[in-house]
Amino acid sequence: MGRFTRLPLYIVLVLWSLICLYPLVWMVSTSLKTMPEVTEDPMALIPKIFHWGNYLEAWTKGNFGTYFKNSLIITVAALFLVLWTTSMTAFAVARTDFPGRRSILYALVITLFIPAEATLVPVFHIAKGLHLLNSLAGIIVVSVAGSQVVSIYLIQAYLRTIPRDLDDAAKIDGCNLFQRYWYVILPLAKPVLATVAILTFMGTWNAYMLPLAFTMARPELRTLPVGLVAFQSGFAFSVNWPLLCAGAAISIVPVIALYVFLQRYFVSGIAAAGLKG
Amino acid sequence: MADVVLKDVTKIFERNIIAADNISFEVKDKEFVVLVGPSGCGKSTTLRLIAGLEELTEGEIYIDGRLVNDIPPKDRDIAMVFQNYALYPHMTVYHNMAFGLKLRKYPRREIERRVHEAAEILGITDLLNRKPKALSGGEQQRVAVGRAIVRKPKVFLFDEPLSNLDAKLRVQMRAEICKLHSHLEATIIYVTHDQVEAMTMGQRIVVMRDGVIQQIDTPLNLYNRPANKFVAGFIGSPTMNFIQGTLSKDWRGGLSFSDGVIKLGLPRRHNRRLQSYVGRELILGIRPEDILNPRFGKSTPETVTIWAKVEVIEPMGNETFLYLNTGSTSLVARFSTTKIPRVGEEMKLMVNMSKCHFFDKDTEIALL
Ligand SMILES: Nc1ncnc2c1ncn2[C@@H]1O[C@H](COP(=O)(O)OP(=O)(O)OP(=O)(O)O)[C@@H](O)[C@H]1O
Ligand SMILES: [Mg+2]
């Protein structure tokens, strides 16, 4: 296509980006205003004065610092545990030939058809029995379990595309089972691991129901999404919009950072999730 | 270096696919043995059994006198070169070659020395820092060989290592692998489906078909004394001419073979062997170079004259292939490039019966 035939396409894309960016810009703008300024002209995109202090206030008084720390701990731990456990399971299912590996995969995949909302109550009860309620560890364990099946499925599907001869070459070169996983297959699985990392990160970072249910009795364990909603409903009549928006802005910083670093995997990750997840 | 012995080796895959059926052969120390056969005959399976990548269904495999049935590939002291090279895409050439040594915990100095030595031999020193993706097919092939030789294993296994190369490079690498063999004084088992590769490289050749060994012999013996019709047809290009017909005895006691149109008298010395086939159907085999152009040939007591029509002429440069029809059967002849008849011409041919082969019509076993 020539430059000019593409022009309409570019115009549409630019307009669409503006539409998508607008709420974000508005949020950042509001986070820098004062409360009277918000009530005066809520739609103004440029604040009169940039009140950076709002962020400090949100971080400390609004407790978003605590929420951020909780979210980060949960997400990083879940990310690490999911990548570690599911890559191993996928390796076993896709690259070894122990009997029953297919049945195991099928059994796992069937559970994908049960919506997470349907299992929340039983999970809650089980967690209660295991004394996992009201702890970050509990949220981590349940989040990990929740992401495992999709991740295993995605990774094993990818691993199947790696030529068998590489395993054979590795066996002859002297690899034992773990070395074959660690030195040969895992490095080759980087693209799908990035995909799984993105999906797990987004899922855990943005999760609401699970951390809400698991932190009822201990507000100091709330994650950012839970904290944001609590903050909003905490002041029934006069929501402190600037602080709320500052909290929301804080919560999307890691997402943007992740996007910048793993940009090239983002699209494939979303596509994979759409196709296979 | 070491010898390899296979004793009654059988491999049956799921769904009862018999890929190797009672295979027995012996590769001597420092020998270059080629496994050859058409696609699906079980060559790769046999090689993978020796490597330990497949489990035996039955039989025994010995490497250097040691029973290796239950020994994993890494402890068999073998190296293997795969058809698609199987280089680790995420490692540089250097690390591809060093990987096996690292896993075996060689000191770093020693690893460096060996990798550079092998790279030197193969002329890939300049490529050591590249990833496999940045190499041509021929270069990848060398790296794959390099990865095998750095370990100095007892036995080298090659599975069609040249089949992904273009024709010219293939000929060149063929010679290089042979050179490598004498340089390393290694025991090599080499799989190919290409009979030219087999003939030019192997000290001995194992011909396989449908999981069964057809014949084990030196290249020249396979060519001159094929054990059955399959081997006769598989080795040599253009392939041997086969004519089905009957054997009869004339009033002087001489044997002659006829397919109804052409009649070929046999040398007397075959009488005893073929006596019992008189009056029965069998298959005559004659190689293209044993059908002679009478414009050069001097007739001898063992040549017979027949007539055929020239249907196609294929000039190869140094020689010419003629596709002929006798009226009852098609023949291929290999002529020199001069004094070639024209297409459509009826011509006289001389068949050198001293070089003919006979096969039983049912068992296809060679009769001479
Ligand atoms: N893992 C397997 N499972 C089932 N059948 C197999 C397996 N590997 C090979 N076979 C079968 O065993 C037979 C021999 O295969 P093999 O790969 O040894 O042939 P080959 O002689 O190497 O052929 P090619 O020249 O095409 O490489 C074939 O019929 C093949 O389909
Ligand atoms: Mg093969």
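Could you work out, residue by residue across A:171-183, how many beta carbons of other chains sit within 10 Å of that residue's beta carbon, and then give the average as an integer?
Rounded to a whole number, the mean comes out at 6.
In terms of solvent-accessible area of protein heavy atoms at a 1.4 angstrom probe, what is the ranking of A:Trp205, A:Trp26, A:Trp182, highest value first? Please list the in-between numbers first.
Details: A:Trp205 5, A:Trp26 60, A:Trp182 125 Å².
Ranking A:Trp205, A:Trp26, A:Trp182 by accessible area, largest first, yields A:Trp182, A:Trp26, A:Trp205.
In Å, what Rg and Dmax follow from the Cα atoms of chain B?
Answer for chain B, Rg first and Dmax second: 24.8, 83 Å.
Among the listed pairs B:Lys43/B:Lys179; B:Lys74/B:Lys168; B:Lys339/B:Lys361; B:Lys105/B:Lys131, which have their C-alpha atoms separated by more than 32 angstrom in this model? All intermediate terms of the calculation are to be shown ahead of the outcome.
Working: B:Lys43/B:Lys179 24 Å; B:Lys74/B:Lys168 34 Å; B:Lys339/B:Lys361 36 Å; B:Lys105/B:Lys131 23 Å.
Pairs exceeding 32 Å: B:Lys74/B:Lys168; B:Lys339/B:Lys361.
Using each residue's phi in the stretch B:82-90, evaluate 6.51 cos²θ - 1.76 cosθ + 1.60 at θ = phi - 60° and report the 3J(HN,Hα) Karplus result to the nearest Hz, with x for Gly and Pro.
The phi angles translate into 9, 4, 9, 6, 6, 6, 6, x, 8 Hz.
Lys/Arg Cβ at +1, Asp/Glu Cβ at -1, dipole of the protein assembly as shown taken about the Cα centre: which of B:Val278, B:Pro72, B:Gly137 is farthest positive-ward?
B:Gly137
Starting at the first residue of the stretch B:102-108, write each ³J(HN,Hα) from the Karplus equation 6.51 cos²θ - 1.76 cosθ + 1.60 with θ = phi - 60°, in whole Hz, x for Gly and Pro.
4, 4, 8, 6, 6, x, 4
Considering the dipole of the protein assembly as shown built from charges on the beta carbon (Lys and Arg +1, Asp and Glu -1) around the Cα centre, which of A:Leu186, A:Val229, A:Asn206 is farthest to its positive end?
Of A:Leu186, A:Val229, A:Asn206, it is A:Leu186.
Report, in debye and to the nearest 20, how large the dipole of chain A comes out about its Cα centre when Lys and Arg carry +1 and Asp and Glu carry -1 on their Cβ.
That gives chain A a dipole magnitude of about 460 debye.
Under a cut-off of 12 Å between alpha-carbon atoms, report the aspartates and glutamates in cross-link reach of B:Lys30, not counting same-chain residues fewer than 8 places apart.
B:Asp3, B:Asp64, B:Glu185
In whole angstrom, and with the biggest value first, how far do the Cα coordinates of the stretch A:55-276 range along each principal axis?
Taking the Cα atoms of the stretch A:55-276, the three principal extents are 69, 40, 30 Å.
When only C-alpha pairs under 8 Å and at least 6 residues apart count, what is the relative contact order of chain B, in percent?
15
Sum up the charges of everything whose Cβ sits under 12 Å from the Cβ of A:Ile46, counting Lys and Arg as +1 and Asp and Glu as -1, but leave A:Ile46 out.
Here the charged neighbours net out to 0.
Could you work out the mean count of beta carbons from other protein chains within 10 Å of each residue's beta carbon in B:68-75?
3
Based only on the alpha carbon positions, what is the Kirkwood hydrodynamic radius of the stretch B:241-360, in angstrom?
Computed over the stretch B:241-360, the radius equals 14.8 Å.
List the residues, sorted by chain then number, that are 5 or more residues from B:Arg130 or on another chain and whose placed amide H is less than 5 Å from its amide H.
B:Val93, B:Tyr94
Per the helix-only calculation at 222 nm, which mean residue ellipticity applies to chain B, given -39500 (n - 2.57) for every DSSP H run of n ≥ 4 and division by its residues, nearest 500 deg cm²/dmol?
Working: 9 runs with 89 residues, N = 368.
The helix-only estimate for chain B comes to -7000 deg cm²/dmol at 222 nm.
I'd like to compare B:186-194, A:10-18, B:211-219, A:191-199: which one has the highest average count of other Cβ atoms within 10 Å, and what's the full order after that?
Values: B:186-194: 23.3, A:10-18: 10.1, B:211-219: 19.0, A:191-199: 21.7.
Put in order of decreasing packing, that is B:186-194, A:191-199, B:211-219, A:10-18.
Taking only DSSP H segments of four or more residues, each worth -39500 (n - 2.57), what value at 222 nm results for chain A once the sum is divided by all its residues, to the nearest 500 deg cm²/dmol?
-24000 deg cm²/dmol
Run the numbers on chain A and let me know its relative contact order in percent, using alpha-carbon pairs under 8 Å that are six or more apart. Show your work: numbers first, answer last.
Values: 265 pairs, mean separation 86.3, N = 277.
Computed over chain A, the figure is 31 percent.
What residues qualify as long-range amide H neighbours of B:Phe158, i.e. H under 5 Å apart, gap of 5 or more or another chain, H built at 1.01 Å from N?
B:Val81, B:Ile189, B:Tyr190, B:Val191
Could you give the Stokes-Einstein D for the stretch A:141-218 in µm² per second, using the C-alpha Kirkwood radius, 4 °C, 1.567 mPa s?
Using the Kirkwood radius from Cα pairs, D works out to 89 µm²/s.
Can you tell me the order of A:224-233, B:168-177, A:41-50, B:129-138 when each peptide is scored by its average per-residue count of other Cβ atoms within 10 angstrom, highest first?
Output ranking for A:224-233, B:168-177, A:41-50, B:129-138: A:224-233, B:168-177, B:129-138, A:41-50.
Per residue of the stretch A:202-217, in order, report the coupling 6.51 cos²θ - 1.76 cosθ + 1.60 (Karplus, θ = phi - 60°) as ³J(HN,Hα) in whole Hz, putting x for Gly and Pro.
Rounded to whole hertz, the list is 4, x, 6, 4, 8, 4, 10, 4, 4, x, 5, 5, 8, 10, 3, 8.
Tell me, what is the percent relative contact order of the stretch A:119-277, built from C-alpha pairs under 8 Å that lie six or more residues apart?
30
What is the dipole size for the protein assembly as shown, taken about its Cα centre, with +1 at each Lys and Arg Cβ and -1 at each Asp and Glu Cβ, in debye to the nearest 20?
Rounded to the nearest 20 debye, it is 680 debye.
Across peptide B:146-153, what mean number of C-beta atoms from other chains lies inside 10 Å of a residue's C-beta?
Per residue, the average neighbour count from other chains is 1.
Return P(r) of the protein assembly as shown (all Cα-Cα pairs; 20 Å bins starting at 0; whole %; ordered from short to long distances).
The distribution over the protein assembly as shown is 14, 31, 26, 17, 9, 3, 0, given as percents.
Based on Cβ point charges of +1 for Lys and Arg and -1 for Asp and Glu, what charge dipole magnitude is obtained for the stretch B:4-234 about its Cα centre, in debye rounded to the nearest 20? If you can, show how the numbers build up before the last one.
Numbers: 33 positive and 29 negative charges, 152 e Å.
In debye, rounded to 20, the stretch B:4-234 gives about 720.
Using only the C-alpha atoms of the stretch B:172-314, find the volume of their convex hull and express it per residue in Å³.
Dividing the Cα hull volume of the stretch B:172-314 by its residue count gives 184 Å³.
Can you give the accessible area of A:His125 in Å² (nearest 10), computed on protein heavy atoms with a 1.4 Å probe?
110
Put B:Leu35, A:Leu81 in order of accessible area, largest first, 1.4 Å probe: what do you get?
Sorted by accessible area, descending: A:Leu81, B:Leu35.
Please calculate the 1.4 Å probe accessible area of B:Ile17, with all protein chains present, and give it to the nearest 10 Å².
Near enough 90 Å² of accessible area.
At q = 0.14, 0.16, 0.17, 0.18 Å⁻¹, what log₁₀ I(q)/I(0) does the stretch B:1-105 have when each alpha carbon counts as one equal point scatterer in the Debye sum?
After summing over all Cα pairs, the log10 values are -0.63, -0.81, -0.89, -0.97.
Considering the options B:Asn293, B:Asn241, B:Met353, tell which one lies farthest towards the positive end of the dipole of the stretch B:241-360, charges being +1 on Lys and Arg and -1 on Asp and Glu at the Cβ, about the Cα centre.
Farthest towards the positive pole: B:Met353.
The values are calculated or read from the model by the stated rules, or taken from the named source; none is laboratory data. Nothing here was measured: the structure is a model prediction, and the numbers come from that model. Neighbour counts are summed over all protein chains in view; Cβ atoms, including those assigned to glycine, are modelled from backbone coordinates with ideal geometry. We work out accessible area using only protein heavy atoms, side chains counted, and drop any ligands, DNA or RNA first. Shrake-Rupley method; radii C 1.70, N 1.55, O 1.52, S 1.80 Å.
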